[in-house]
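Chemist: Encoded as structure tokens, here's the structure I'll be asking about.
Every number here is computed from the coordinates shown, using simple stated rules; none is lab data. What you see is a predicted model; the values in this text were computed from it and never measured. Every residue, glycine as well, gets a Cβ built from its backbone with ideal geometry; the counts of neighbours run over all protein chains shown.
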């Protein structure tokens, strides 16, 4: 039993309050007593308690009301209610409100001690696990990469093994999964860490400027070239260049990049003089590169030159055990950045975030947390602080950018889903409700990937 387990005892009856408090102090617990729920809340705001032990029936504010108010401040604090009016209904009501346990008067002190020890043991284990999880997180974090799931531990292990080498690495994964963080980790884990890390997004730069950006140009090479300029490869000399969205690199530049890979040299725009370069090349893409090869948009020889080692970064929906770690990390970061005291999330708020699929992956989760921290008026983030798109997936949030096509498709999906539910899955009836033909409905069902079990033909 921990000697420093901190208990707040709340009872407006002096005899009962002193009896419970005195007994628990003799057992080695640290006890502070309050003669009302209002006073208890004052103390709770000032200090951290491991347990609240409160009478249910009190003047002005009941134990259940105290429970609700305390959990609005810190939802993780366990509460045990004591009452002389013990009924199954009252017990269920207390547990539904978040009470950890429920005891009736007259109190059996041995039973009370047993229950408190159960709570203290439980929360000791929880805290130990949290500390272990934090230690594990620190141990497996590389340059901001957070994860303890099997998938991420495998990624991090691969990063550690490949970083000290000179091998070219192709990083693959959906948008927002953290491919750039992987590239940074590889660079800073290599012998080139003292050198520059230069990033190029091949999809973001206009094709007309991309060659000059990558390889530089000489004075007069084209209209507007009023002087010579270093390219990104020259700037990366002695270090690493990260080519993001390599699948968007135009074919004529792919040939030039292949020369860099093979001969470690290139020519600036407007020059025939070769420039030697010593860089490690890392590439990334969210697109299926094999399909680009088949379509003639990506050189096969370039692909195999770049793809010495592949690191596949899993989407967030496939590593759900990492979501809580990321939530807590982003909460701490953005609370500190915005000068706010954020104690955490309500159970409902956390549950919503844990169930969401995150099509935008880690980047989307980070944006959601930042938004919630900025907008919340409370110290605990609740479901109301989260975007509507997270609370009800498929609904377009006005606070978030969305083009017309996305908005229309989301509305169509939702209306079709509702119509099928109202018609018990019968397509003919659902089509009538939607004001469309059954054939048109079948087309929409196929378009949006509705399963056959979601509906039935009539």
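Chemist: Classify segment 203-279 as rounded, prolate or oblate, taking a ≥ b ≥ c as the square roots of the eigenvalues of its Cα gyration tensor: rounded when a/c is under 1.5, otherwise prolate if a/b is larger than b/c and oblate if not.
Modeler: oblate
Chemist: Calculated from DSSP H runs of 4 or more alone, at -39500 (n - 2.57) each and per residue, what is the 222 nm mean residue ellipticity of the chain, nearest 500?
Modeler: Mean residue ellipticity, 222 nm, calculated: -14500 deg cm²/dmol.
Chemist: Just subtract the alpha-carbon distance of residue 263 and residue 308 from 0.36 nm times their residue separation and send over the number in nm, one decimal.
Modeler: The residue 263-residue 308 span can extend by a further 14.5 nm.
Chemist: Moving on. Quick check: from the Cα gyration tensor, does segment 342-386 come out rounded (a/c under 1.5), prolate or oblate?
Modeler: oblate
Chemist: Okay, next question. Taking every DSSP beta bridge with both residues inside the chain, roughly what % is antiparallel (nearest 5)?
Modeler: The antiparallel proportion sits near 10 percent.
Chemist: If I fit a long axis through the Cα atoms of helix 438-447 and take the longest principal axis of the Cα atoms of the chain, what angle between them do I get, 0 to 90°, rounded to 10?
Modeler: In the chain, helix 438-447 runs at an angle near 80 degrees to the longest axis.
Chemist: Given the convex hull over the Cα atoms of the chain, what projected area results after averaging over all orientations, in nm²?
Modeler: The orientation-averaged projected area of the Cα hull of the chain comes to 31.1 nm².
Chemist: If you don't mind, there's one more thing I want to ask. Nearest 10 degrees is fine. How inclined is helix 361-375 to the longest principal axis of the chain, computing both from alpha carbons?
Modeler: 50 degrees
Chemist: Let me ask you something else. Indicate, rounded to the nearest 5 percent, the antiparallel portion of the DSSP beta bridges found entirely in segment 150-312.
Modeler: The answer is about 20 percent antiparallel.
Chemist: What spacing in nm lies between the two simple spin-label points modelled at residue 32 and residue 436, each 7 Å away from Cα in the Cβ direction?
Modeler: With each label point 7 Å from Cα toward Cβ, the separation is 6.1 nm.
Chemist: Same structure, new question: Any idea what log10 I(q)/I(0) is at q = 0.15, 0.18, 0.26 Å⁻¹ for segment 317-391, Debye with uniform C-alpha scatterers and no solvent?
Modeler: Each listed q maps to, in turn, -0.42, -0.62, -1.35.
Chemist: Angle between the Cα long axis of helix 37-46 and the longest principal axis of the chain, 0 to 90 degrees, nearest 10?
Modeler: 40 degrees
Chemist: Could you give the nm distance between label points at residue 230 and residue 253, where each point is 7 Å from its Cα heading toward the beta carbon?
Modeler: 2.0 nm
Chemist: Does segment 1-102 come out rounded, prolate or oblate, given a ≥ b ≥ c as the square roots of the eigenvalues of its C-alpha gyration tensor, rounded meaning a/c under 1.5 and, failing that, prolate meaning a/b above b/c?
Modeler: Rounded shape, in that the Cα axes give a/c under 1.5.
Chemist: Related question: Which FRET efficiency value, to the nearest 0.05, is calculated for residue 278 and residue 222 with the Förster distance at 25 angstrom and r the Cβ-Cβ distance?
Modeler: 0.35
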